[in-house]
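Please treat every number below as a calculation from the coordinates, not as lab data. Just so it is clear, the model here is predicted, and its values are computed rather than measured. Positions of Cβ are backbone-derived with ideal geometry, glycine not excepted, and every protein chain shown enters the neighbour counts.
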Amino acid sequence: MDLRLYDTKTSSLQNLVPIRDGKVGIYLCGPTVQGMPHIGHLRAATSFDVLIRWLRRYGLDITYVRNVTDIDDKILAKSAESGEQWWALAQRFEREFQKAYATLGLIEPTIEPRATGHITDQIALVERLIERGHAYADQCGNVYFDVHSQADYGSLTHQSLNQMRTTEGEDETEAISAGKRDPRDFALWKSTKEGEPETASWDSPWGRGRPGWHLECSAMAHRYLGEAFDIHGGGIDLRFPHHENEQAQSHAAGYDFAKLWVHNAWVTIAGEKMAKSVGNTLDLASLLSQAPAAVIRFALSSVHHRSMIEWSETTLELAGKSWDKLTGFVEDATAQVGEPEVVFMTPDELPAEFTDALNDDLNVAAGLAVVYEHVKRGRRALVEGDREGIQAELKVVRSMLDVLGVDPGSPQWRMTGGDTLQGALDVMINEVLAERALARKEKNWARADQLRDRLAAAGIQVEDGPQGVQWQVTAR
């Protein structure tokens, strides 16, 4: 394998050399479940879906961890505004994210841990940091990380402490406590505030409270990936302070932590990052009224992960035209020669130009250029009636598109080119599959079987495989 990824810490392309032979550990910062998922949220998950698909083509065993932040200041604020219990609000929006991931055909993570499910791990990490002289408790039940104690603080984002005003981040709502030794120290454990629900705090050696935002990822990465792992990912907005603080507390605990840091760019509208704070969000539910899920997935998958996606009125229109072109070829070729026996070609079997493009920091734009060239060859073979040529090009085109998660012939996307009715069916079935995935994760096997049987009764066959959950309509 000759995969090179851009590493934020070294500001250079680095070869991915797995720490453990044949295995790759990946941690991706997941959503804070305070509202509906929009395409800005889904950009990172889609980018890493392509990475995971490509690594699996090399036969690697992937442990993919994507966390859920289900307790923080924002969730508590939304809960107070709406009158809904904070945990009910978080669960409701977590389900919406699950549906969105399934609707876009994203491979499920190996584990999707919640912050509230790992309080003991986080308390243990704080205790370790205090013992090692990197953290301290004030007299008010708070614990802070001493940024001066960690020599490489700022190394991820190439900053020095004297350049920083704060390391908490502008989104943090708590006031700087008088108990801090330095205003740039950041919170590891936060004491319960007046007016906060009792259910939003836990017992600890420092009194009732809850973890700081950064702590959960270090604790959960250590729990599921060990002291060192291959790739840590997320949006570029998380580099500072979140990822810088994650690295600092993990290194201070004595862990090597992430070998490579891979960040994806934003989705922008009129040059501004998509965010609720500026009121320019596009939630997935609204987009599905404009285009099939496959087209939305294509719009997110066809741009280099480090390039901004400028979302406009023409984004889905252009993606739809490209999708129709690909779908048209796959449908016409399949009608002539049938389904290919194998569409999961290895990197050595795929066109060298495609493999080189994906190995060059997942250059999907260059990879798509290779796809279009083979579609052109396939069209020529269709005109000439060259069955062998049609079969060969259908196989290679579908195999390349599967790496990008947009194979039109897959059960996930079959016949969704411009068919609005099929697109609606897609959404409905994927919502049931998302609910089933959540039931399986919660080990509610009876509910999961019930949902599968409901689909089977409607003529929908569900298959659980290494590429994720796939479905197809069967004859009845």
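Between residue 203 and residue 160, residue separation times 0.36 nm minus the direct Cα-Cα distance comes to 12.0 nm.
In what sequence do 440, 165 fall when counting other Cβ within 10 Å, fewest first?
Details: 440 18, 165 7.
Least to most surrounded, the residues fall as 165, 440.
Rounded to the nearest 20 debye, the dipole size of the chain about its Cα centre is 360 debye, using +1 on the Cβ of Lys and Arg and -1 on the Cβ of Asp and Glu. Whole Å is fine, so just give me how far the alpha carbon centre of the range 1-32 lies from that of the range 100-137. Using only Cα atoms to place each centre, the spacing works out to 19 Å.
Sorted ascending by nearby beta carbons within 10 Å, beginning with the fewest, 193, 9, 395 become 193, 9, 395. Once backbone amide H atoms are built at 1.01 Å from N, residue 283 has no partners under 5 Å, excluding neighbours fewer than 5 places away on the same chain. Only one residue of 295, 265, 228 has its Cα farthest out toward the positive end of the dipole of the chain, where Lys and Arg carry +1 and Asp and Glu -1 on Cβ, and that residue is 295.
By other beta-carbon atoms within 10 Å, ranking 246, 168 with the fewest at the front produces 168, 246. Approximating the spin labels as points 7 Å out from Cα along Cα→Cβ, the residue 127-to-residue 318 distance works out to 5.5 nm.
Can you give the net charge of the other residues whose Cβ lies under 9 Å from the Cβ of residue 202, counting K and R as +1 and D and E as -1? Don't skip to the answer; put the middle values down first.
Values: positive: 208, 210; negative: 203.
Overall, the nearby charge balance is +1.
Once backbone amide H atoms are built at 1.01 Å from N, residue 363 has 358 as its partners under 5 Å, excluding neighbours fewer than 5 places away on the same chain.
Residue 376 to residue 17: extension gain in nm, 0.36 nm per residue of separation minus the Cα-Cα distance? Let's see the in-between values first.
Values: separation 359, 0.36 × 359 = 129.24 nm, distance 3.58 nm.
Length difference between fully extended and current span is 125.7 nm.
Taking all pairs of distinct Cα atoms, average 1/r, flip it, and tell me the Kirkwood hydrodynamic radius of the range 1-53 in Å to one decimal place.
Numbers: mean 1/r = 0.0749 Å⁻¹.
13.3 Å is the Kirkwood radius here.
An oblate overall shape is assigned to the range 109-159, the ratio a/c of its alpha-carbon gyration tensor axes (a ≥ b ≥ c) being 1.5 or greater and a/b not exceeding b/c. Placing unit charges on each Cβ (+1 for Lys and Arg, -1 for Asp and Glu) gives the chain a dipole about its Cα centre, and among 161, 12, 188 the Cα reaching farthest toward its positive end belongs to 188. Considering only beta bridges that DSSP places wholly inside the chain, some 50 percent are antiparallel.
Does the range 269-403 come out rounded, prolate or oblate, given a ≥ b ≥ c as the square roots of the eigenvalues of its C-alpha gyration tensor, rounded meaning a/c under 1.5 and, failing that, prolate meaning a/b above b/c? Intermediate values should be presented prior to the final figure.
Values: a/c = 2.80, a/b = 1.79, b/c = 1.56.
Judged from the Cα gyration tensor, the range 269-403 comes out prolate (a/c at least 1.5, a/b above b/c).
Remark: the range 119-131, residue by residue, has Karplus-estimated 3J(HN,Hα) of 5, 5, 5, 6, 5, 4, 5, 4, 4, 5, 5, 5, 4 Hz, where x stands for each Gly or Pro and the curve is 6.51 cos²θ - 1.76 cosθ + 1.60 at θ = phi - 60°. Remark: for residue pairs 321/376; 259/443; 74/259, the C-alpha separation exceeds 21 Å in 259/443; 74/259. Computed over the range 4-264, the P(r) curve from all C-alpha pair distances, binned at 10 Å from the origin, holds 7, 30, 37, 21, 5, 0 percent per bin.
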